[in-house]
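The block underneath contains the structure these notes are about, expressed in structure tokens.
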Amino acid sequence: MNDKKTEANWPDLTGRIEGNEHILPVRVYYEDTDFSGVVYHAAYLKFMERGRTELLRMRGVHHHELDSGMHGERLAFAVRHMDIDFLKPARIDDVLEVHTDISEVKGVRMFISQRVMRGDEVLIKASVTAVAISADGKPRRLPKDLVAQMNGE
């Protein structure tokens, strides 16, 4: 057994970036479905959260660094608003892709577009507004270096 495994050994765990978009493969498991075998609506929220997290990770923004205070104070992201269109159902064993794009970072807000796809079919479309907050939950303007990282600069 090789004990020197790194994230580079598992590229599917972090997905990939194509252009400005991050793409994360996700397989639908039994636990993601309701009694009819269709993906339960809340499971899509988890899939999209993973997509946002992995996009930030691939751009060098790590939650443990935000929480450590290395950017002047402890920071976190909180979803402030979501608009979701559920267009088509996914089912157990489907292989989906979560497409995530940070469309704009402005002040304390990050505007994110997401799609959950099965092949060429769009199953879910979402517009997400996330905000940067301090450890006590107050909005915080994002430091310029973090904004540059989030924008892939």
So ALA135, is it touching a Lys or Arg at 6+ places or on another chain (Cβ under 8 Å) and either closer than 30 Å to TYR40 by Cβ or buried (at least 17 other Cβ atoms within 10 Å of the Cβ) (or both): no
When residues of the range 92-113 are limited to those that are of a type outside the set (A, V, I, L, M) and in contact with a Phe, Trp or Tyr (Cβ under 9 Å, 6 or more places away or on another chain), the one farthest from VAL79 (Cα to Cα): ASP93
Hits in the range 11-53 - residues which are part of a loop (DSSP other than H, G, I, E, B) and out of contact with any helix residue (DSSP H, G or I) (no Cβ under 6 Å at 6 or more places or on another chain): GLY19, ASN20, VAL28, TYR29, ASP34, PHE35, SER36, GLY37, TYR40
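Table: residues versus (1) touching a helix residue (DSSP H, G or I) at 6+ places or on another chain (Cβ under 8 Å); (2) hydroxyl-bearing (Ser, Thr, Tyr).
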site	(1), (2)
ILE84	yes, no
LEU87	no, no
LEU96	yes, no
PHE111	no, no
GLN114	yes, no
ARG118	no, no
ILE124	yes, no
SER134	no, yes
Hits in the range 76-132 (condition: polar (S, T, N, Q) and in contact with a Lys or Arg (Cβ under 9 Å, 6 or more places away or on another chain)): THR100, SER113, GLN114, THR129
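Bear in mind these aren't lab numbers, they're just calculated from the coordinates by the rules spelled out. Since the structure is predicted, the reported quantities are computational estimates derived from the model, not experimental observations. Positions of Cβ are backbone-derived with ideal geometry, glycine not excepted, and every protein chain shown enters the neighbour counts.
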